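What follows is one structure encoded as structure tokens, with my remarks underneath.
The values are calculated or read from the model by the stated rules, or taken from the named source; none is laboratory data. If you're wondering where the values come from, they're calculated on a predicted model, not measured in any experiment. Here the Cβ positions follow ideal geometry from the backbone for every residue, glycine too, while neighbour counts run over all protein chains shown. In case anyone asks, the SASA skips ligands and DNA or RNA and just uses the protein heavy atoms, side chains included. Shrake-Rupley method; radii C 1.70, N 1.55, O 1.52, S 1.80 Å.
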Amino acid sequence: MAVLSSGSPLAARRKLGAELRILRDRLGLTTEEVGTHLNCHNSKVSRVELARRMCTRKDFAALMELYEVDEEKRAELTELATRAMQRIPPWWEAYADVISANYAEFLAYEAEAVRCFEYQPLLIPGLLQTQDYARAITGPGFAALGPDQIDSLTEVRMRRQERIGDRASLALDAVVTEAALRLQVGGRDVMRAQLRHLASIASMKDITFRVIPFSAGENGASTGAFTLFSSGQGVDPDVVFMESAEATTFRDDALVLRRLNRLFGNLATTALSEHDTRKLVERIEKES
């Protein structure tokens, strides 16, 4: 059975890296020892295994020899390596003038994921934002950009939403605090439209949206915003992006993923049910 399970170059690169790590571990080799064999620094070996660097044909052939990979397994990994090296421009490349390298990486993982878990203490998750709401929060965050660039970033956010909904390929589980519903982003009319949109998503397939009320106290404000992406191939998510004032941090180490996956579960348990969430959203919309 072939190793390849996804047509995406990123997914293939990640799978290839994991397979190479397994082969190295089975022989008890360190990254330093493999780096010596490849005549490179051990950091290159680590980056290939973490899918942060392409495995060249020359390095791939050398690794197959070093790891003594049999013919059948080598054929499977060769197919995987070939897919990993394909250059298929993603849709967001058209917005390269406004998308940072970090954001591009976020979009790549989101495009690969089958499930997304997102916690936001102050804002509505990007996948659930209306266009006017998205534009309103993009402006202040990118003060150095012109109107056309802000429009482009807003378009990116709208394009991202094509993966959710009734014909979606991405399941979304989002948790926010009540503050996200009451912060007047874009003014009264924009926020009311955003709240109406949130109330309407209850009937959408594979979307779960829940709110942690103010009454939950410190249980709903134990961390900053973060997003977990899962490819569906393991118990825990594959990667997490954590937001801060300085930057969005990417982590894929197992310990952090388990901790944040557990934290998300606790936050979701603290939140209102979907039914009570909708009632709260509708009440706040009427009050605004």
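Using the Cα centre as the reference, give the magnitude of the dipole from point charges on the C-beta atoms of segment 10-77 (Lys, Arg: +1; Asp, Glu: -1; all else neutral), rounded to the nearest 20 debye. Intermediate results must be reported in sequence, preceding the final value.
Working: 14 positive and 12 negative charges, 106 e Å.
Roughly 520 debye, rounded to the nearest 20.
Semi-axes of the equivalent ellipsoid of segment 64-123: what are they in whole Å, largest first, if each equals the square root of 5 times a C-alpha gyration tensor eigenvalue?
On the way: eigenvalues 235, 57, 20 Å².
Gyration-tensor ellipsoid for segment 64-123: 34, 17, 10 Å.
Calculate what fraction, in whole %, of the accessible area of the chain sits on carbon and sulfur atoms when a 1.4 Å probe is rolled over the protein chains.
On the way: 7520 of 14860 Å².
The value for the chain is 51 percent carbon and sulfur by accessible area.
For the charge dipole of the chain, defined by +1 on Lys and Arg C-beta atoms and -1 on Asp and Glu C-beta atoms about the Cα centroid, which residue among Ala111, Ile22, Ala216 has the Cα displaced farthest towards the positive pole?
With unit charges placed on the Cβ atoms, the residue in question is Ala216.
Rolling a 1.4 Å sphere over the protein heavy atoms, what is the accessible area per residue of the chain, to the nearest Å²?
52
Counting Lys and Arg as +1 and Asp and Glu as -1, each charge on the Cβ, what is the dipole of the chain about the Cα centre in debye, to the nearest 20? Intermediate results must be reported in sequence, preceding the final value.
On the way: 37 positive and 41 negative charges, 64 e Å.
That gives a dipole near 300 debye.
Could you work out how far helix 254-270 tilts from the main Cα principal axis of the chain, as a 0 to 90 degree angle to the nearest 10?
20
Give the lysines whose C-alpha is closer than 26 Å to that of Lys73, dropping any in the same chain fewer than 8 places away, or say none.
Lys15, Lys44, Lys58
State the Cα centre-to-centre distance between segment 94-130 and segment 193-230 in whole Å.
16
Counting just the Cα atoms, what span does segment 1-121 cover along each of its three principal axes? Round to the nearest Å and put the largest first.
Cα extents, longest axis first: 46, 32, 29 Å.
Dipole magnitude of segment 69-127 about its Cα centre, charges +1 at Lys/Arg Cβ and -1 at Asp/Glu Cβ only, in debye to the nearest 20? Write down the numbers at each step before the final one.
Working: 5 positive and 11 negative charges, 23 e Å.
My answer is approximately 120 debye.
Note the angle between two axes, namely the Cα long axis of helix 71-84 and the longest principal axis of the Cα atoms of the chain, as a number of degrees from 0 to 90, rounded to the nearest 10.
With both axes taken from Cα atoms, the answer is about 40 degrees.
From the backbone phi of segment 92-105, what are the Karplus-calculated ³J(HN,Hα) couplings (6.51 cos²θ - 1.76 cosθ + 1.60, θ = phi - 60°) in whole Hz, Gly and Pro given as x?
Residue by residue, segment 92-105 yields 6, 5, 5, 10, 4, 6, 10, 9, 6, 4, 5, 5, 4, 5 Hz.
For the chain, take every pair of Cα atoms, bin their distances at 10 Å starting from 0, and report each bin as a whole percent.
Calculated over all Cα pairs of the chain, the distribution is 6, 25, 30, 21, 12, 5, 1 percent.
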